1. Can you pull the percent of the stretch 33-159's accessible area that's carbon plus sulfur, 1.4 Å probe, other chains left in place?
2. For the stretch 70-143, which trypsin sites (Lys or Arg not before Pro) pass both filters: DSSP loop (anything but H, G, I, E, B) and at most 13 other C-beta atoms within 10 Å?
3. So with the 1.4 Å probe, I'd like the accessible area per residue for the stretch 26-159, rounded to whole Å².
4. With charges set only on the Cβ (+1 for Lys and Arg, -1 for Asp and Glu), what does the dipole of the stretch 1-90 come to about its Cα centre, in debye to the nearest 20?
5. Quote the charge dipole size of the stretch 116-159 about the Cα centre in Debye, to the nearest 20; the model charges only the Cβ of Lys and Arg (+1) and of Asp and Glu (-1).
6. Farthest toward the dipole's positive end in the stretch 74-148, which of LEU98, LEU76, ALA122, given Cβ charges of +1 (Lys, Arg) and -1 (Asp, Glu) about the Cα centre?
7. May I ask for the angle, rounded to the nearest 10°, between helix 38-65 and the longest principal axis of the chain, with both axes built from Cα atoms and the value confined to 0 to 90°?
8. How far apart, in nm, are the 7 Å Cα→Cβ label points at VAL82 and LEU6?
Amino acid sequence: MNTDDLKQLIQDGLSAQQAGSQVAAQATDEILNDATHPALKQALEQGNETAKQWAQRIERALAEVGSGEKQKNEILEAHYEVSKQIRAKATTDAVRDLGIIASGQLALHYWIASFGTVASYAASAGFTQTEQELKASVQEAKQADEQHTDIAQQILAEQ
């Protein structure tokens, strides 16, 4: 593949991630305020800090690869809207917390796929720093996904 084409794919992926980070930051406080289970609140607060690290990594990656065209992230924007609906329909705190977890895991799977794909492209194009940092983000997203599963099981066991 033409290196310029691959670089463009990386730039587009990073731009989408950057826009997604902005959507996530907007949603974070709202979702945190809706959560009630202590373990979920703690995981969300930890996730906020991790998301800030991801945003910094994306910035560094854009510095290494070169900035692409600014984009919107319609996938995460739509997901955020669905999350609002799920939380609004919840009839109990436990149902709302479980909905937050389900929505959060869908978002985490987006990040796992997005970071993983762009990391693979970066490896092929020789952008070592970007590859390493995005791989680290993949691992953090996978850990958060497992943590959310454990919290959901805990909430279900308490019912």
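1. On the way: 3560 of 6980 Å².
Accessible surface attributable to carbon and sulfur in the stretch 33-159 totals 51 percent.
2. Details: sites: LYS70, LYS72, LYS84, ARG87, LYS89, ARG96, LYS135, LYS142; in loops: LYS70, LYS72.
Answer by residue number: LYS70, LYS72.
3. Working: 7370 Å² over 134 residues.
So the stretch 26-159 comes to 55 Å² accessible per residue, rounded to a whole number.
4. Working: 10 positive and 14 negative charges, 53 e Å.
Charge dipole, the stretch 1-90, about its Cα centre: 260 debye, nearest 20.
5. Details: 2 positive and 7 negative charges, 41 e Å.
For this selection, approximately 200 debye.
6. Looking along the dipole axis, the top candidate is LEU98.
7. 10
8. Going from the VAL82 label point to the LEU6 one covers 3.3 nm.
The values are calculated or read from the model by the stated rules, or taken from the named source; none is laboratory data. Model, not experiment: these values are computed from the prediction. No Cβ is skipped: glycine too gets one built from the backbone with ideal geometry, and neighbour counts run over all protein chains shown. The protein model used for the area step is the full one, side chains on, heavy atoms only, and it has no ligands, DNA or RNA in it. Shrake-Rupley method; radii C 1.70, N 1.55, O 1.52, S 1.80 Å.
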